[in-house]
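Shown next, in structure tokens, is the structure this report addresses.
The values are calculated or read from the model by the stated rules, or taken from the named source; none is laboratory data. Owing to the predicted nature of the structure, the values given are computational and were not obtained by experimental measurement. Here the Cβ is made from the backbone with ideal geometry for all residues, glycine too, and neighbour counts use every protein chain on show.
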Amino acid sequence: MRRLFSTWIVLAVLFLGVAAPAGAASMLADLENALMCKCKDKCGKVLINCTCDTSNKTRADFQKLLDSGLTVQQIVQQQVALHGETILSAPTKIGFNLTAWVTPFAAILVGGYGVRRILNAWIRGKKAGTPASGEKSPDPQEPISSNYSRRLQEELDKLEI
Amino acid sequence: MNDLGEFALMVALATALYGCIGYVLAARGNRLDLYLSADKTPVIVWGCVVVASIALWKAFMVDDFSLEYVWAYSNRDLDVFYKVSSFWGGQKGSLLFWTLLLTSYMVVVYFQNRKRNAKLVPYALVVMLTITLFFLVLLNFSTNPFERIPLPPEDGRGLNPLLQNYWMVIHPPTLYLGYVGFTVPFAFALAALITKNLDDSWIRLTRKWTLISWFFLCMGNLFGAHWAYLELGWGGYWAWDPVENAAFMPLIIATAYLHSVMIQEKKDMMKVWNMSLILLTFVMTIFGTFITRSGLIQSVHTFDEATLGYYFLAFLGVIIVICVSLIASRLPLLRSKNELDSFLSRESSFLFNNLVLLGIAFATFWGTIFPIVSEAVRGIKITVGPPFYNQVNVPIGLVLLALIGIGPVIAWRRATWAHLRKNFFKPVLIALVFGVGLWIWALPSNRAEVYSFIAFVLCVFVMSTIIIEFLKGTLARSHLHEETPLQALGSLVWRSKSRYGGYIVHVGVVFIFAGIAGSQAYGTHIEQHVKVGESLQIRDYTLKYERLGFIQENPTKTRAVAQLGVYQNGRRVWTGQPEKEFYKGQNQPVSEVDVRSTWKEDLYIILADFKEDDSATLKIYLNPMVSWIWMGAWIIAFGTTVSVWPDRLEARRRLERMKVQDAVFSPAQE
């Protein structure tokens, strides 16, 4: 089972890895997604989400830069040089900023490990407690009375989950 | 009336303070006289807050600009509809509105439990009164909505044009009903901790409150998304703005609670965990309020006068300290006999569901506060926008979607491989066949499309599991009771409202996932400057720009309306009329988009700009499956209604359990 799960994970990673770089969407949209609007009101919106006059002008400027042959990466670098790192819509994946990306997944992995340990402990607890119960188990050969059958039906009717 | 409103707030403050002290002293000293006296305070506080609210509403209605708040958020030309909603348009009024809802909930709890649950209710009321007290302190001493202007101006500044939308009347109250609603389970949880009544009576008492609050918070989030979609004019519905995140986090944590609490109800396990989750949900609602009102984090939603950060930070700190100390001190009492038969069980799937939900909540929290962390560490306030959340939360969300399908089908206690094969063979097969078909029909070409592909396959898997569950139940009932399939389906749902209501909610969630997957990956847009008579093409739609007209609606508002004929396969199918609205005294005009919405896709038109020769810049979005998101909202609403519908059978079962546990009936009754 574990091997099957690992195979699935590897396949999924390969699948995502192959598919990821194939993006041929509009370069302007990529730029709009990568950068924040820099309007005076400090609207705090990603450029692609902003509708103010400044954002319209910025889009037109970016289109000109793209037409002049600059790549998305070059324009982004140019903007960071001009306005600083805060112009980016997401943290970079280097240095301290990497913690932004890694921490949520690390937390889930640690949590997953914790859940696994908790479940194991609960299962061990159950196994340890099982022999102590010693209740008389019903004889499977014993015929079910009509009274019991009716009660069972009532219980089944009431059964919630 | 203003004086009366101001006075009512003061009386409410004094009464709430008296109520808190009275209840506590009565409990400590076993003083019946004090208890009887304090017992009237929730109703008095509520009455005073109602009077203050009516006073403020009246000031809006009669254009009383002697009140600074009315002047700042209204004017003479404002529609009555928006005058009503201006009440919560700014910080002061929204705090009063919050207090109004909180005290209203408190009064309902009071009357609901007057003659029962005496062990918990007085303490729960103390908690609610204390929270009310905090808001009343703010209203009386920091953000008084009845603050006067010495020389009242002739007219007001007017409501922000973005708020002049009918969703303004629906979205904030819905969200607040959710936010404030979680005060009730929080108060009962604290009451249980204080009184050491740590069986699951507090959970049963607040089950419906939690479900209803969850429902309102869920709807509040979705209504907010719908509003953003229609009003902000950028073609999207969710921007992962810090304030959106603040409303999203408690919803996710509450969802985790709603699932894990089932394990406590059925197996008497996870008491510490459930207690922590409900406390955390409330803490996150206050954190959200802190974000909105602190000015610490930049957002389009934050209030202009975001100066209450320190108050809310202090309040948040006090709540966290109290919650942590109480849980720590009651830990021995909260320990339950945690035993599990097998790793393969519904219990463990619920635990993983909790892990994933909390993972999403944590990722969102981390992204929201990372700018502050980054500023503290590096001195640079990094921006964390949608690309971060989409890359982090989407994969986690897909795991959650898979668990929605897996969880309800695994047996409680122990699932065998044979059982799993039996339950999952058909859904997995259907999903695989669908996946292969989809792969052949539309090969994913970028990361977004890959994620969407996985999402669609999982949606089909989850829907299959749910449909099969309904089918199995219906056929069994039909066979056992000789009912028609429709009758059997009806009685199946009717007899297990909680279970099947939950499944219906899951269907709504699947619709939302499908809507997000479709719109995020397969949408497209164009932006073009056109003259009258020219056409634009987007996929199989042709849009002919026909004319531009101007309408002076009132002295303060002018509308520029573009008209476009929309053709599909040569046939005129719709006339689009996007607008730009100009408000006197506002620098930026407001775009009013026009949307042709079908189950398949939304044609979304924005009038971005226009020139004197009537030529216009138009932005056209084609957003596939967005309507599925709103449909999902209605399905969730229906599912929740089914779940919370009074259940005679459940009431009987509960009564039997209560008799056995001898838990919460009041000594007076006994």
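Residues of the stretch A:102-126 that are within 7 Å of chain B (Cβ to nearest Cβ) and closer than 15 Å to B:A363 by Cβ: A:T103, A:P104, A:A107, A:I108, A:G111, A:G112. From the list B:F60, B:F111, pick out the single residue that is surrounded by 23 or more Cβ atoms within 10 Å (Cβ to Cβ), assigned by TED's automatic domain parsing to the domain that holds B:D3 and free of Cβ contacts under 8 Å to residues at least 40 places away in the same chain. On inspection, the qualifying residue turns out to be B:F60. Those helices (runs of 4 or more DSSP H) of the stretch B:66-138 in which 3 or more residues are closer than 30 Å to B:D200 by Cα occupy B:91-112. Evaluating A:S55 against the criteria (1) under 29 Å from the mean Cα position of the chain (by Cα); (2) modelled with pLDDT under 85; (3) at the interface with chain B (Cβ under 10 Å from one of its Cβ atoms) leaves one unmet condition, (1).
Among the candidates B:D241, B:D268, single out the residue that is under 23 Å from B:I369 (Cα atoms) and touching a Lys or Arg at 6+ places or on another chain (Cβ under 9 Å).
Values: B:D268 fails: under 23 Å from B:I369 (Cα atoms).
Unique residue meeting the criteria: B:D241.
Identify all residues within the stretch B:304-362 that are of a type in the set (D, E) and assigned to a helix (DSSP H, G or I); write none if there are none. Answer for the stretch B:304-362, where residues must be of a type in the set (D, E) and assigned to a helix (DSSP H, G or I): just B:E347. Screening B:R547 with (1) crowded, with 21+ Cβ neighbours inside 10 Å; (2) away from chain A (no Cβ under 14 Å) gives one miss only, at (1).
For the stretch B:105-137, the set of residues classified as over 16 Å from B:T206 (Cα atoms) and of a type in the set (S, T, N, Q) consists of B:T130, B:T132, listed by residue number.
Taken over the stretch B:326-348, the criterion of being at pLDDT 85 or above and touching a Ser or Thr at 6+ places or on another chain (Cβ under 9 Å) is satisfied by B:I327, B:S348. When A:T7 is tested against (1) more than 17 Å from B:D609 (Cβ to Cβ); (2) at pLDDT 80 or above; (3) among the β-branched types (V, I, T), just one condition goes unmet, and that condition is (2). For the stretch B:221-244, a tally of residues being within 11 Å of another protein chain (Cβ to nearest Cβ), without any contact (Cβ under 8 Å) to a residue 60 or more places away in the chain and outside any loop (DSSP other than H, G, I, E, B) returns 2. Across the stretch B:441-468, the qualifying residues are those that are under 14 Å from B:G397 (Cα atoms) and more than 14 Å from every other protein chain (Cβ to nearest Cβ), and the one among them that is surrounded by the most Cβ atoms within 10 Å (Cβ to Cβ) is B:V462. All conditions in (1) over 30 Å from A:A34 (Cα atoms); (2) more than 7 Å from chain A (Cβ to nearest Cβ); (3) at pLDDT 85 or above hold for B:T368, with the sole exception of (1).
Step by step: first the residues of the stretch B:374-392, then only those that are part of a helix (DSSP H, G or I) and at the interface with another protein chain (Cβ under 8 Å from one of its Cβ atoms), then the one that is farthest from B:F282 (Cα to Cα). Which residue is that?
Applying the first criterion (part of a helix (DSSP H, G or I)) to the stretch B:374-392 yields B:374-378, B:386-392.
Next, from what is left, pick out any that are at the interface with another protein chain (Cβ under 8 Å from one of its Cβ atoms): B:374, B:377-378, B:386-388, B:391-392.
On the way: B:S374: 26, B:V377: 29, B:R378: 31, B:P386: 25, B:P387: 28, B:F388: 26, B:Q391: 28, B:V392: 25 Å.
Ranking the qualifying residues of the stretch B:374-392, first place goes to B:R378.
Taking the conditions exactly as written (part of a helix (DSSP H, G or I), surrounded by fewer than 21 Cβ atoms within 10 Å (Cβ to Cβ) and either of a type outside the set (A, V, I, L, M) or at positive phi (or both)), does B:G473 satisfy them or not? When the stated conditions are applied, B:G473 passes them. Per the conditions (1) more than 28 Å from B:I516 (Cα to Cα); (2) crowded, with 16+ Cβ neighbours inside 10 Å, the sole criterion not satisfied by B:E553 is (2). Checked against the criterion of being outside the structural domain of B:F582 (by TED's automatic domain parsing), among the aromatic types (F, W, Y) and without any contact (Cβ under 8 Å) to a residue 12 or more places away in the chain, the candidates B:F141, B:F188, B:F134 yield just one match: B:F141. Please find, within the stretch B:590-630, the residue that is farthest from B:L536 (Cα to Cα) out of those that are among the basic types (K, R) and part of a strand (DSSP E or B). Among residues in the stretch B:590-630 that are among the basic types (K, R) and part of a strand (DSSP E or B), the one farthest from B:L536 (Cα to Cα) is B:R596.
When the stretch B:522-581 is limited to residues that are more than 36 Å from the chain's Cα centre (by Cα) and in a loop (DSSP other than H, G, I, E, B), the one that is farthest from A:Q63 (Cα to Cα) turns out to be B:P555. For the stretch B:605-647, taking the residues that are within 26 Å of B:D540 (Cα to Cα) and small (G, A, S), the one that is farthest from the other protein chains (Cβ to nearest Cβ) is identified as B:S627.
Only one residue in B:F352, B:F343, B:F312 is over 30 Å from A:E32 (Cβ atoms) and more than 14 Å from every other protein chain (Cβ to nearest Cβ). Which one?
Numbers: B:F352 fails: more than 14 Å from every other protein chain (Cβ to nearest Cβ); B:F343 fails: more than 14 Å from every other protein chain (Cβ to nearest Cβ).
One residue alone meets the criteria, B:F312.
Selection within the stretch B:36-57: residues that are farther than 16 Å from B:F81 by Cα and surrounded by fewer than 17 Cβ atoms within 10 Å (Cβ to Cβ). The member of this set that is nearest to the chain's Cα centre (by Cα) is B:V50.
This table checks each residue for (1) surrounded by fewer than 21 Cβ atoms within 10 Å (Cβ to Cβ); (2) more than 30 Å from A:R59 (Cβ to Cβ); (3) not basic (K, R).
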| site | (1), (2), (3) |
| --- | --- |
| B:G181 | no, yes, yes |
| B:I194 | yes, yes, yes |
| B:W202 | no, yes, yes |
| B:G220 | no, yes, yes |
| B:H226 | yes, no, yes |
| B:Y229 | no, no, yes |
| B:G235 | no, no, yes |
| B:A239 | no, no, yes |
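Would you confirm, using the coordinates I've provided, whether B:G473 is away from chain A (no Cβ under 13 Å) and at pLDDT below 95? No: the conditions fail for B:G473. Across the stretch A:66-98, the number of residues qualifying as closer than 22 Å to B:V373 by Cα and more than 8 Å from chain B (Cβ to nearest Cβ) comes to 7.
Among the residues making up the stretch B:55-93, a single one is in contact with a Pro (Cβ under 7 Å, 6 or more places away or on another chain) and of a type in the set (S, T, N, Q): B:S66.
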